[in-house]
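Notes follow once the structure below has been shown.
The values are calculated or read from the model by the stated rules, or taken from the named source; none is laboratory data. Just so you know, these numbers come straight off a predicted model, no measurement behind them. Cβ placement follows ideal geometry from the backbone for every residue including glycine, while neighbour counts extend to all protein chains displayed. The accessibility values were calculated without ligands, DNA or RNA, using every heavy atom of the protein model including side chains. Shrake-Rupley method; radii C 1.70, N 1.55, O 1.52, S 1.80 Å.
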Amino acid sequence: MRLASLDTCFLIDWALYRRRNYIIKIFDKILISEHVLREIYSGKTLDFVTELLSKGFMTLIPLTSQEEEIARRLITIALSDPRIPELHETEVYAVAIALTYNTIIVTENKAVLWLKIYYPNEIPQPVWRSIDVLLELVKKSVIKVNNIEDALKIVEEYSIDVKHSFSHIDIRRFQEEVMLWLTQQNS
Amino acid sequence: MNELSIEELKAIEEWGRRVRREKANWEFIRKLPSKLRRALEYYIETGDPYVASRIAGLKVEEFNELRIKAGVPST
């Protein structure tokens with residue numbers, strides 16, 4: 001069973017994407033903490049979250065002393081290491097839930113990415129960003145692509161809907177992965 | 001995808017700051033009440049929507065809507 005723990009900022013962005021419902025085709029269950037709900041107010045995002053919750057694709061995870069302890073430990077690391085940006089409740093509890101329930105972490109948060117780089121033992125779980133989720137939609141053939149142009153159109157659609165800019169580094173890495181996948185599909 | 005290297009993540013952060021500054025609608029931002037203007041300026045420099053939303057006194061989603069109105073991309 002493939003689980004994902006989402007942080008607030010990713011979820012709010014993703015809810016703006018025209019193909020937002022496809023996320024349930026690559027994860028069996030999405031876990032969120034109540035901190036995520038506190039930051040949501042609009043009909044569009046609420047509709048998305050409520051639909052996922054009511055259909056059982058999303059679960060609101062109650063935080064226990066275990067997640068609190070993980071969160072405190074990660075915040076302490078971030079505070080003591082100037083290489084790590086500030087870590088907030090919106091993302092730290094997503095990481096804590098991921099560590100407890102062994103899920104993929106989905107976030108755009110740079111503090112989490114830096115923690116993953118400098119303290120890999122603290123975050124052994126994969127950390128995905130929106131570009132990774134889009135890539136997975138391609139690799140799982142949730143969105144059919146025949147060539148690299150089709151795949152790049154998916155990235156462009158997301159950028160337009162969410163008003164998100166992807167760096168040239170991410171675009172290059174995405175292209176390389178899709179090209180490799182297309183080659184494997186055709187061989 | 002494979003994990004980002006230190007150099008790649010540094011480059012992405014620097015690029016993000018530059019693109020947020022370049023794409024921001026500064027005319028719109030300058031006309032905003034002080035709290036919202038400062039929140040957007042903070043976001044443009046750091047890319048951190050949580051603290052920016054607290055500066056603005058908004059929920060993260062409300063701040064995200066303000067970001068979009070101000071033409072600032074998330075990165």
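For the range A:135-151, take each phi angle, set θ = phi - 60°, evaluate the Karplus expression 6.51 cos²θ - 1.76 cosθ + 1.60, and give the result in whole Hz per residue in order, putting x for glycine and proline.
Running phi through 6.51 cos²θ - 1.76 cosθ + 1.60 with θ = phi - 60° gives 4, 5, 4, 6, 5, 8, 6, 5, 10, 6, 10, 9, 7, 5, 5, 4, 5 Hz.
Under 8 Å for C-alpha pairs, at least 6 residues apart: give me the relative contact order for chain A, rounded to a whole percent.
Taking the mean separation of contacting Cα pairs over the length of chain A, I get 24 percent.
Report, by chain and number, residues whose modeled amide H sits under 5 Å from the one on A:THR59, excluding near sequence neighbours (fewer than 5 apart, same chain).
A:ILE30, A:LEU31, A:ILE32
Write down the accessible area per residue of chain B in Å², having rolled a 1.4 Å probe over the full set of protein chains.
Dividing the accessible area of chain B by its residue count gives 52 Å².
Which value, in debye to the nearest 20, gives the size of the charge dipole of chain B about its Cα centre, when Lys and Arg are +1 and Asp and Glu are -1 at the Cβ?
It works out to roughly 540 debye.
Tell me, which residues of the range A:6-35 get at least 10 Å² less accessible area when the other protein chains come in, versus the chain alone (1.4 Å probe)?
A:CYS9, A:ILE12, A:ASP13, A:LEU16
Mind checking the mean number of beta-carbon atoms from other chains within 10 Å of the Cβ atoms in A:103-109?
1
Using a probe of 1.4 angstrom, how much of the accessible area of the protein assembly as shown is carbon and sulfur, in percent?
50
Karplus couplings for the range A:36-44 from phi (6.51 cos²θ - 1.76 cosθ + 1.60, θ = phi - 60°), rounded to Hz, Gly and Pro as x?
Coupling constants for the range A:36-44: 5, 4, 4, 9, 10, 9, 8, x, 4 Hz.
Chains A and B: how much accessible area gets covered up at their contact, both sides added, probe 1.4 Å, in Å² to the nearest hundred?
Separately minus together, A and B give about 3100 Å² buried.
Quick one: what Rg and Dmax do you get for chain A from the alpha carbons, in Å?
16.7, 51
Obtain the nm distance between the two label points defined at B:ARG54 and A:ILE26 by a simple spin-label model: each point lies 7 Å from its Cα along the Cα-to-C-beta direction.
In this crude spin-label approximation the distance works out to 3.1 nm.
Report, in deg cm²/dmol and to the nearest 500, the calculated mean residue ellipticity at 222 nm for chain A, where each DSSP H run with n ≥ 4 adds -39500 (n - 2.57) and the sum is divided by the residue count.
About -17500 deg cm²/dmol.
Can you list the residues of the range A:73-91 that have at least 30 square angstrom less accessible area with all protein chains present than in their chain by itself, probe 1.4 Å?
Relative to the lone chain, where solvent access is computed with a 1.4 Å probe, the range A:73-91 loses at least 30 Å² at A:HIS88.
Pairs B:LYS10/B:LYS31; A:LYS163/B:LYS10; A:LYS140/B:LYS23: which exceed 30 Å Cα-Cα?
Too far apart for the 30 Å limit: B:LYS10/B:LYS31; A:LYS140/B:LYS23.
Can you show me the helix-derived [θ] at 222 nm for chain B, built from DSSP H runs with n ≥ 4 at -39,500 (n - 2.57) apiece and divided by the number of residues, rounded to the nearest 500.
Result for chain B, helices only: -21500 deg cm²/dmol.
Work out the mean other chain Cβ neighbour count within 10 Å for the residues of A:161-167 and drop it here as an integer.
Rounded to a whole number, the mean comes out at 6.
Please give the charge dipole size of the range A:3-128, origin at the Cα centre, charges +1 on K and R Cβ atoms and -1 on D and E Cβ atoms. Round to the nearest 20 debye.
480
Which is farthest toward the positive dipole end of the range A:1-151 among A:HIS35, A:ALA71, A:ILE23, measuring Cα position about the Cα centre, with Cβ charges +1 (Lys, Arg) and -1 (Asp, Glu)?
Selected residue: A:ILE23.
Determine the per residue accessible area of the range A:1-77 with all protein chains present and a 1.4 angstrom probe, expressed in square angstrom.
45
What does a probe at A:TRP181 reach in the range A:23-44, counting residues whose amide N is under 14 Å from the point 7 Å along Cα→Cβ?
A:23, A:25-27
Long-range amide H contacts for A:GLU108: which residues qualify at under 5 Å (H placed 1.01 Å from N, peptide plane, sequence gap of 5 or more or a different chain)?
The list, which skips near neighbours in sequence, is A:PHE10.
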